[in-house]
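Participant: Have a look at this one before I ask anything.
Derivation of every value follows stated rules applied to the coordinates shown; laboratory data play no part. These figures come from a predicted structure and were not determined experimentally. No Cβ is skipped: glycine too gets one built from the backbone with ideal geometry, and neighbour counts run over all protein chains shown.
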């Protein structure tokens with residue numbers, strides 16, 4: 001065991017994994033850059049995260065190795081960064097890697113000057129060169145030699161890369177046709193769609209739920225059933241595949257194959273959040289119970305395994321346990337037969353495609369291991385028919401079998417849980433819980449959303465009322481970025497629409513003031529990823545690409561539009577339009593890469609609704625009116641509720657509500673569409689008819 005390095009006092013589980021490496025790691029702090037400058041050494045920057053499989057591999061292979069450590073310690077100053085703690089640092093150097101190599105991913109490997117200017121980039125490297133892939137030892141020796149003998153070349157390269165990076169981030173506003181972007185994006189999805197297994201690529205295959213949210217809106221807008229079919233096929237195949245944890249619930253990160261069978265086993269909080277939203281909206285649109293069931297089971301997993309005692313949500317669970325990817329999740333046929341009685345074992349094996357040879361390949365040998373990933377091989381309908389049992393009885397037996405397997409699995413060595421709490425990912429999860437509470441009518445979800453938001457808004461702020469990014473073991477720190485603010489505003493707006501408690505609307509407006517003051521580009525529009533009071537990095541980025549999670553600018557545009565409609569303040573909408581204009585040049589090239597931004601454009605184009613309900617919150621008639629609104633899939637609407645109990649409080653936030661009254665002392669709905677208001681009504685059917693004008697025939 002080596003003595004601990006400079007990571008020993010950090011809070012990130014990822015950094016703490018490397019505390020006892022022989023590499024003299026530093027965290028991303030001034031001390032490291034000062035040392036590099038003083039000793040005239042380049043910086044070796046390694047970026048990863050706690051649940052990243054290939055980060056573990058490179059860690060074991062190279063960073064625990066004395067030979068590699070000696071080269072690094074003699075010739076470099078080495079810095080470790082948790083990408084989830086410092087997405088600002090990660091984003092800049094990932095852009096560099098993609099620019100220099102044409103691809104990216106984690107672990108991310110960067111070599112740069114003491115001034116943070118990069119001149120080498122890559123991802124995973126084996127310790128020694130093999131099969132034409134350069135090894136880390138060779139790379140480090142070559143760079144050390146270059147730095148010693150031809151430093152001017154390295155410095156010139158670093159300057160050129162930095163200049164190119166800065167030019168690359170300069171966007172100019174342009175006018176655009178929103179409907180054209182939407183239609184073109186749909187056409188691309190239509191061409192890329194896998195008609196057999198769902199999804200939009202071959203392999204590896206990511207769920208990308210924000211693409212599905214866009215397609216649901218496209219179906220609503222255009223009445224095009226093909227868009228809905230794409231959503232339904234994908235959601236059903238995801239639920240049937242091994243990417244879904246059939247025993248303990250929740251979704252794994254992505255599928256390594258086209259069929260969604262063999263996942264990369266880590267579970268990320270943001271995937272649970274975005275997929276919950278997709279399944280919830282799909283249920284609202286179609287009333288298919290499988291979507292409701294899936295959303296409920298994801299949330300059960302999050303409440304059970306990913307919720308802290310304080311109410312915040314943990315970040316992730318690892319793919320690996322005992323040094324092997326997927327070991328916690330896979331089953332041999334013998335195990336199934338040992339745990340379940342014969343009849344139930346036969347049913348489970350038939351349903352789940354459990355075979356003697358297995359369906360899980362050893363990563364190194366590519367041979368089957370006898371281990372199985374549980375998936376839906378045969379439907380209950382097929383098995384019920386074959387076994388002459390009712391579907392209800394089969395469902396009951398399958399559920400009993402699942403519970404036994406779950407209890408058995410609990411005794412295994414669990415993968416690492418990354419128990420840091422991140423404000424941005426919590427914002428997404430709050431939005432998911434609040435939306436599910438509203439649509440699925442489950443108050444437990446509302447309790448989770450409210451408790452998490454209370455935690456973030458009380459514990460994750462500094463003395464000035466500005467958000468912080470990360471909490472772990474009582475320590476809250478790291479300046480919040482755009483995603484933290486935008487995602488929390490989204491979560492708060494979903495909470496407002498579920499509870500109609502004015503405090504959530506008030507908090508969302510307070511956070512929007514902070515991002516407008518400290519993140520907004522006054523010259524050209526759009527939000528920077530970091531605030532003006534943040535650390536000075538190589539560049540100040542503005543990002544729009546919707547990757548595994550939607551970009552801060554996309555979500556910010558969406559919530560600004562909502563805030564504009566909720567408060568009748570056109571400034572919000574004008575700024576939302578400026579976001580679209582500043583990124584239009586990028587979006588024009590490949591609109592399908594910006595699906596969450598397209599949600600905002602769809603909202604802005606309309607048809608959209610502003611609905612005010614005035615009534616007594618304790619009255620059954622008022623509840624019926626609000627519940628009727630919640631049954632309908634109307635994604636482009638905002639709802640305000642003026643209760644007889646809080647009319648003064650809500651009217652202070654939204655002044656125009658002072659004018660809204662109940663008619664004949666009955667709950668009253670005021671429906672406006674496209675800035676035109678219809679006649680107020682106390683009749684629920686009339687209200688629904690007024691909303692029906694915004695629908696196209698399907």
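Participant: Taking every eigenvalue of the Cα gyration tensor of segment 416-564, multiplying by 5 and rooting it, what semi-axes result, largest first, whole Å?
Facilitator: With the √(5λ) rule applied to segment 416-564, the semi-axes are 24, 18, 14 Å.
Participant: Let me know the whole percent of all Cα-Cα pairs from segment 240-370 that are separated by more than 18 Å.
Facilitator: On the way: 5193 of 8515 pairs.
Percent of Cα pairs beyond 18 Å in segment 240-370: 61.
Participant: Please grab the % of Cα pairs in segment 545-698 that end up more than 17 Å from each other.
Facilitator: Here the tail beyond 17 Å accounts for 65 percent of pairs.
Participant: Can I ask one more? So if I take the centroid of the Cα atoms in segment 559-579 and the same for segment 491-548, what is the distance between those two points in Å?
Facilitator: 13
Participant: Above 21 Å lies some portion of the pair distances; for segment 329-411, what is it as a whole percent of all C-alpha pairs? Let's see the in-between values first.
Facilitator: Values: 1006 of 3403 pairs.
Beyond 21 Å sits 30 percent of the P(r) for segment 329-411.
Participant: Please report 214, 406 as a ranked list, fewest other C-beta atoms within 10 angstrom at the top and most at the bottom. List each step's numbers first, then the result.
Facilitator: Working: 214 28, 406 14.
So the ranking, lowest neighbour count to highest, is 406, 214.
Participant: Tell me, what are the semi-axes, in whole angstrom and largest first, of the equivalent ellipsoid of segment 79-129 as set by the roots of 5 times the Cα gyration tensor eigenvalues? Could you put the intermediate results ahead of the total?
Facilitator: Working: eigenvalues 52, 34, 29 Å².
That gives 16, 13, 12 Å for the three semi-axes.
Participant: Something else: So what is the relative contact order of segment 609-692, in percent, for Cα pairs below 8 Å that sit 6 or more residues apart?
Facilitator: Relative contact order comes out at 37 percent.
Participant: For segment 609-692, report the translational diffusion coefficient in µm²/s to the nearest whole number, using Stokes-Einstein at 4 °C, 1.567 mPa s, and a Kirkwood Rh over Cα pairs.
Facilitator: Values: Rh = 12.8 Å.
Result for D is 101 µm²/s.
Participant: What is the projected area of the convex hull of the Cα atoms of the chain, averaged over all directions, in nm²? Please list the in-between numbers first.
Facilitator: Working: hull surface 127.6 nm².
Taking a quarter of the hull surface, the average projection is 31.9 nm².
Participant: Another question, if that's okay. Using only the Cα atoms of segment 524-611, construct the convex hull and provide its projected area averaged over every direction, in square nanometres to one decimal. Before the final figure, lay out each step's value.
Facilitator: Details: hull surface 27.4 nm².
Its Cα hull, projected and averaged over all orientations, spans 6.8 nm².
Participant: What number results when the radius of gyration of segment 13-168, computed over Cα atoms, is divided by 2.2 N^0.38 Å? Please report the intermediate quantities before stating the final value.
Facilitator: Working: Rg = 14.4 Å, N = 156, 2.2 N^0.38 = 15.0 Å.
Cα-based Rg divided by the globular estimate yields 0.96.
Participant: Next question. Express in whole angstrom the spacing between the alpha-carbon centres of segment 242-273 and segment 1-75.
Facilitator: A separation of 30 Å, based on Cα centres.
Participant: I need the semi-axes of the equivalent ellipsoid of segment 244-315: take the C-alpha gyration tensor, multiply each eigenvalue by 5, square-root it, list largest first in whole angstrom.
Facilitator: Working: eigenvalues 76, 65, 20 Å².
Equivalent-ellipsoid dimensions as semi-axes: 19, 18, 10 Å.
Participant: Compare the peptides 307-318, 175-186 by average per-residue count of other Cβ atoms within 10 angstrom and give them in order, highest first.
Facilitator: Values: 307-318: 21.2, 175-186: 16.4.
Per-residue Cβ counts within 10 Å, averaged per peptide and sorted highest first, yield 307-318, 175-186.
Participant: Another question about this same structure. Rg over Rh of segment 125-255, using C-alpha atoms and the Kirkwood radius, what does it come to?
Facilitator: Values: Rg = 23.2 Å, Rh = 19.5 Å.
Using Cα coordinates only, the ratio equals 1.19.
Participant: Quote the FRET efficiency, to the nearest 0.05, computed for residue 535 versus residue 689 with a Förster distance R0 of 41 Å and r equal to the Cβ-Cβ distance. Working shown, then result.
Facilitator: Details: r = 55 Å, r/R0 = 1.34.
Rounded to the nearest 0.05, the efficiency is 0.15.
Participant: Order these peptides, 555-561, 565-571, by their mean beta-carbon neighbour count within 10 angstrom, highest first. Present the calculation step by step, with values, prior to reporting the outcome.
Facilitator: Values: 555-561: 28.0, 565-571: 16.9.
In decreasing order of mean packing, 555-561, 565-571 become 555-561, 565-571.
Participant: What percent antiparallel are the DSSP beta bridges of the chain, to the nearest 5? Kindly include the intermediate steps, with their values, before the conclusion.
Facilitator: Numbers: 41 of 55 bridges.
Roughly 75 percent of the beta bridges in the chain run antiparallel, per DSSP.
Participant: Quick one, what does Rg over Rh come out to for segment 345-488 if you take C-alpha atoms and the Kirkwood Rh?
Facilitator: Values: Rg = 22.2 Å, Rh = 19.4 Å.
Here the Rg-to-Rh quotient is 1.14.
Participant: Moving on. Determine the relative contact order of segment 289-439: mean sequence separation of Cα pairs under 8 Å and six or more apart, normalised by residue count, in whole percent.
Facilitator: Details: 167 pairs, mean separation 45.7, N = 151.
So the answer I get is 30 percent.
Participant: Next up: How many angstrom lie between the Cα centre of segment 437-489 and the Cα centre of segment 135-203?
Facilitator: A separation of 31 Å, based on Cα centres.
Participant: Moving to a separate point now. For every helix of n ≥ 4 consecutive DSSP H residues, a contribution of -39,500 (n - 2.57) applies; sum these over the chain, divide by its total residues, and give [θ] at 222 nm rounded to the nearest 500 deg cm²/dmol. Don't jump to the answer; show the numbers that get you there.
Facilitator: Working: 26 runs with 349 residues, N = 698.
Calculated mean residue ellipticity at 222 nm is -16000 deg cm²/dmol.
Participant: At a 10 angstrom cut-off on C-beta neighbours, averaged per residue, how do the peptides 49-55, 505-511 rank from highest to lowest? Present the calculation step by step, with values, prior to reporting the outcome.
Facilitator: Working: 49-55: 22.9, 505-511: 19.6.
Descending mean neighbour count gives 49-55, 505-511.
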